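FYI, it's all coordinate maths here, none of it is from the lab. What you see is a predicted model, and the numbers here were worked out from it, not measured in a lab. Using ideal geometry, Cβ is built from the backbone for each residue, glycine included, and neighbour counts are taken over all protein chains shown.
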Amino acid sequence: MRSVEARIFEITQDASGSVTAWIACPPSAVPAPGRYSLATVVGNSDAVLPVTLFASQVSEHGFLAASPLPASWIPGLSLRLRGPLGKGFNLPEGTRRLALVTCGDSNSRLAALAQQAAAGGADIAWFTDVPLPPVPAAYEVNPLRLLPEALDWADFLALDAPLPRLAGLRGVLGIRSEQRLPCPAQVLVYTPMPCGGMAECGACAVPARRGWKLACQDGPVFDLDDLDW
Amino acid sequence: MPKSDLFFNPPVMNAAGSLGFAPDQRSGRDWSRLGAFITNPISFGRRSPALGTRFVPYPGGFLLHTGYPNPGFNAALRRYAPAWQRSPLPVIVHLLAQNLEEAASMLRRLEGREGVMGVELGLPPGVESEAARLLVEVAQGEIALIVRLPLEQALELAPAVIAAGAAALSLGAPRGALPDAAGKVVEGRLYGPAVFPQALQVVRQLARLELPVIASGGVYSERDASLLLEAGAVAVQLDASLWLG
């Protein structure tokens, strides 16, 4: 039940309507790429559930949290953060060529991983059909349809996919059911996690090779080999 | 403890499905704030999560359609009974029984189990009064029995269930239907502050009949809990508000 105090430092909205919020918090509260924190507004008696936050950028003062965010959030608001929770991306040491794949409607949950990998000297190739905000010139940005051509290039594949799109990943990757990927791959399965790991409520259940797994506790980042996709 | 003398101190507990299958003693939660721990629903056989959309938010609440995933009674006993024994507060095991035989079998195996103070038997929506009565009768034994009634049928079923021997009644989440993001209508249980007025009304009606009811439904504040206790509830269950941390 540990939680820390945090504060919304800045809120921005880009031309596409995507809202981001800089959260000032202790370094220990910043979720690593793929992990998440749960936020409640201090003194707000109207909250139904906490807000799930992923870091799309990290700084020494906190992190940039991306949409979806409550419309009622304004700069200066005090938050209580629980977490970081769940399992995030585990980039192997020595990864030199990272392929990022956005299968949903947001690039934000992969951005912190890109930041981390680039800082470690990796080349980044991002495959997405969702408009990206300005990214470093060194990032190569491609449409999703070019992904199959890049599979032999990548050392590691990091995907972000809403749960309903998990079943269609083979089509996105351009591989047949019996084919194995040529490199390690992890996927952040984006799905509502209402209990935040407290209840095993089953709302975030993800089909696995054996039974099912819970995104809130076992994920939301999974080794692709462990899932039934 | 005599099975008709259910007593909770404090008169607050979690609702089934809100805190897992056993108290997580690594969570840092102050367990002294609850008078009992209710497990997630456990069925005789293993249940998988529901397919398709399982969570639909709406103003004032959300709809859940999870299918009550659980490993099945035998596996649940193996995994969680040791934790129930070590629990810092009394445990009430929530059971889902499809028929009389399942109910009787599961209840017998819980009797005398250390740490388990009682059973909460979940009745399915649409259950008829006679079927409810029979389920409660076959569930009678040495263990305190709370029967969870579908909220919409609480007044209809309550008298027969108490007459059949239930020590207390609890209230299930009301059911509803909402379209998901793809427009497909999902049916499920409703949670959130918007549910509270319904819960308070049912508690008031049951209390007039002098029936022991453990209230739940949209309790998000101490004031909500106090109102239910003042309305006649013997205890209050918290559900999704626990997820706020």
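Things to note:
- Taken about its Cα centre, region A:97-226 carries a charge dipole of about 260 debye when Lys and Arg each add +1 at the Cβ and Asp and Glu each add -1 at the Cβ.
- For chain A, the longest site-free run once GluC sites (Glu not before Pro) in DSSP loop states with at most 10 other Cβ atoms within 10 Å are removed: A:94-177
- For the peptides A:162-170, B:170-178, the ranking by packing is B:170-178, A:162-170, with the highest mean count of neighbouring Cβ atoms within 10 Å listed first.
- For the protein assembly as shown, alpha-carbon Rg over 2.2 N^0.38 Å: 1.05
- FRET efficiency, 1/(1 + (r/R0)^6) with R0 45 Å, evaluated for B:ASN99 and A:ARG170 via beta carbons: 0.65
- Averaged over peptide A:46-52, the number of partner chain Cβ atoms lying within 10 Å of each residue's Cβ comes to 5.
- Comparing Cα centroids, region A:122-159 and region A:209-229 end up 23 angstrom apart.
- Bridge orientation summary for chain A: considering DSSP beta bridges with both residues in this region, about 65 percent are antiparallel.
- Of all DSSP beta bridges confined to the protein assembly as shown, the antiparallel ones make up roughly 50%.
- Inter-label distance, nm, simple model (7 Å from Cα along the C-beta direction), B:GLU230/A:SER67: 4.4
- Look at the stretch B:235-245: the mean tally of other chain Cβ atoms within 10 Å of its residues' Cβ atoms is 5.
- Within 10 Å of each Cβ in A:187-200, the average number of Cβ atoms from other chains: 5
- For B:HIS94, the residues 5 or more places off, or on other chains, whose built amide H falls under 5 Å of its own are B:THR39, B:ILE42, B:GLU120.
- Angle between chain A longest axis and helix A:108-119 axis [Cα atoms, degrees, rounded to 10]: 70
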